[in-house]
Amino acid sequence: MSNKQIVCECGHKNPEGTQLCLNCGRLINDDYDKKKTTDVMRYDGQAIRSKTKNRTILDRIWNFFASIKTGVTLLVLTVIAASIGTIFPQEYFIPMNVNPEQYYYEHYGSLGLLYYKLGFHNLYSSWWFLILLGLVAFSIITSSIDRGIPLHKSLKNQRTKKHSSFYKRQRLNLHSEDQVNLDELSQSFKEKRYKVKQDGNHILLEKGRLSRYGPYINHTGLIILLFGAMLRFLPGFYLDDMVYVKEGETKPVPGTDRGYYIKNNDFIYEEYDQKSQSNTNPESIDPSLNKIAKNYETKATLYKNSQEEVIGSDANLKEVASDSIKVNHPLKYDHLQFYQSSFDNSLLKDMTFNLKTKDGKALGKPFTVNLESPKKTYKITDDLTVKLRSYAPDYEKIENGVLATKSPNPNNPAFVFEVTDKGKQSEFSFLRIKESQDISKDNKYDVKFANATNQWATVLAVKKDLTLPILFTGFVIFLLGLAVGSYINHRRIWINTDNCEFNIAAHTNKNYYGFSKEINQVLDKHHISHIEDTKQDIHESKEANNG
Ligand SMILES: [Zn+2]
């Protein structure tokens, strides 16, 4: 930068890339961006790093990210990715206990599979979405520094005296031979809330400088928003998960690193007994069609685990909250919230069997097999014992004489029972739902299925969001920047009385019409001829968009 200084006619040394001399306002870089002559005042003619340096790789990276095109492209990509993430449900909305890859394929075909493979099913915690957010943030920061700092510097160090060529280049300017009292004139502008800076017979009037910072306030809000969104990827800040808890079961709360456990003490399910008015014989209606859940709730207890996480150590649970979780009535503790999401009673809890003789005579009392932790031996009478020799909760096939299971869930239980009669040989039978067959020959006994009970389980949504206050702050700052940039106009007027003549030039970042009206009101008062906006027709719409 130092070896390519531009020395102005006034003697001031300006850094490379400067368009308007920082001292006198002369145009010192004619061939710079000729197409965008209206842009000269946009950053007050300051050198912009991304437009002057293009030598090293670092410069090129900087220029790439500082470009508005890059920023907008990245932002659009992020919005597109976020909207693709809403086409199919996110993973935490699909049923629990299913293989997600299979689920997406079965429900949404090969598009669903692609969706899963690309990580859209878990978009808000996928690494590439995080990278995308990071790139957007980086681009915003780069472009803000690139243009914001030079702008801030020049606004802070403004000189009052400007060269006559600077006056002539302004859209609003006037040269007249009116005799003007500078003090009285500045007093009139002061009444319109202008700040006055004087240097000899030159004055600079300025108001609404904050307007120029609008985009940067806006960017700060965006950065905070992105920061909040990225915090969601850090454990401990954000949680949106589900937990499936059977009645009587205590489970670690997902996402808390076993810091909390939740117990389903009791699940209550009540339904309406709706009677159809058109039907006079309600008994003929299939009862399942008339059942609508009136209420379902989980009596839950939340425990805190004070045990330091040591592999193999037991949890040391201390009760911290107890509540009845209903729809719209979550259990809350610390920043954790548990919502009643749904329930499940599709799984079998236990099955009861009778031991009978081949001619159907029941022997002893029925015995019940708990499908989650079955006992090995069931005593039927003094002489007869049933042993569970093999058990598969989700029967697949027989493998090496043992029942193989597809999953640990009792979806399709199968049993091999051994009936032993004291002193005699034992016999074997194989049982599945709706099917039984003897394994040993000439069996005397039958194990018959009597009934089954289902397992009630609650499905709770676990939520935690510490990023909300950050997101809210970011959003408020974002809106504030938008308001500052839109509703405040940055207005500057340069006046001098060189050679006892009157020179005035004025610049604003928006609304030249209102600006010239305001100036002319003051000029009227002092009987000076009106300033005119020469470029009104050509530039009004374009200038309105320039920050
Ligand atoms: Zn100069």
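The values are calculated or read from the model by the stated rules, or taken from the named source; none is laboratory data. If you're wondering where the values come from, they're calculated on a predicted model, not measured in any experiment. No Cβ is skipped: glycine too gets one built from the backbone with ideal geometry, and neighbour counts run over all protein chains shown.
Structural remarks
- Candidates Ile203, Ile141 - the one that is modelled with pLDDT of 90 or more and under 15 Å from Gly25 (Cα atoms): Ile203
- Residue selected from segment 505-515 under the condition assigned to a helix (DSSP H, G or I) and crowded, with 20+ Cβ neighbours inside 10 Å, by the criterion farthest from the chain's Cα centre (by Cα): Phe515
- Extreme residue, surrounded by the most Cβ atoms within 10 Å (Cβ to Cβ), among residues of segment 63-119 that are under 22 Å from Val459 (Cβ atoms) and in contact (Cβ under 8 Å) with a residue 60 or more places away in the chain: Tyr92
- Residue check for Ser164: within 16 Å of the ligand (Cβ to nearest atom), modelled with pLDDT under 95 and over 17 Å from Asn503 (Cβ atoms): no
- Candidates Val180, Val245, filtered to the one that is β-branched (Val, Ile, Thr), assigned by TED's automatic domain parsing to the domain that holds His527 and either in contact with a His (Cβ under 6 Å, 6 or more places away or on another chain) or farther than 16 Å from Thr508 by Cβ (or both): Val180
- Residues that are under 33 Å from the mean Cα position of the chain (by Cα), within 30 Å of Thr420 (Cβ to Cβ) and outside the structural domain of Asp421 (by TED's automatic domain parsing) number at least 2 in none of the strands (runs of 3 or more DSSP E) confined to segment 306-409.
- No other residue among Val522, Val484 is of a type in the set (A, V, I, L, M, F, W, C), surrounded by 17 or more Cβ atoms within 10 Å (Cβ to Cβ) and in the same structural domain as Gly200 (by TED's automatic domain parsing) apart from Val522.
- Considering segment 410-450, the residues that are among the β-branched types (Val, Ile, Thr) and more than 56 Å from the chain's Cα centre (by Cα) include one that is surrounded by the fewest Cβ atoms within 10 Å (Cβ to Cβ), namely Ile439.
- Taken as a whole, the condition of being at pLDDT 85 or above and surrounded by fewer than 17 Cβ atoms within 10 Å (Cβ to Cβ) applies to Val476.
Quick grid of which residues meet (1) surrounded by fewer than 16 Cβ atoms within 10 Å (Cβ to Cβ); (2) under 29 Å from Tyr124 (Cβ atoms):
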{"residue": "Arg232", "(1), (2)": "no, yes"}
{"residue": "Gly236", "(1), (2)": "yes, yes"}
{"residue": "Val243", "(1), (2)": "no, yes"}
{"residue": "Gly255", "(1), (2)": "no, yes"}
{"residue": "Tyr261", "(1), (2)": "no, yes"}
{"residue": "Ile268", "(1), (2)": "yes, no"}
{"residue": "Glu271", "(1), (2)": "yes, no"}
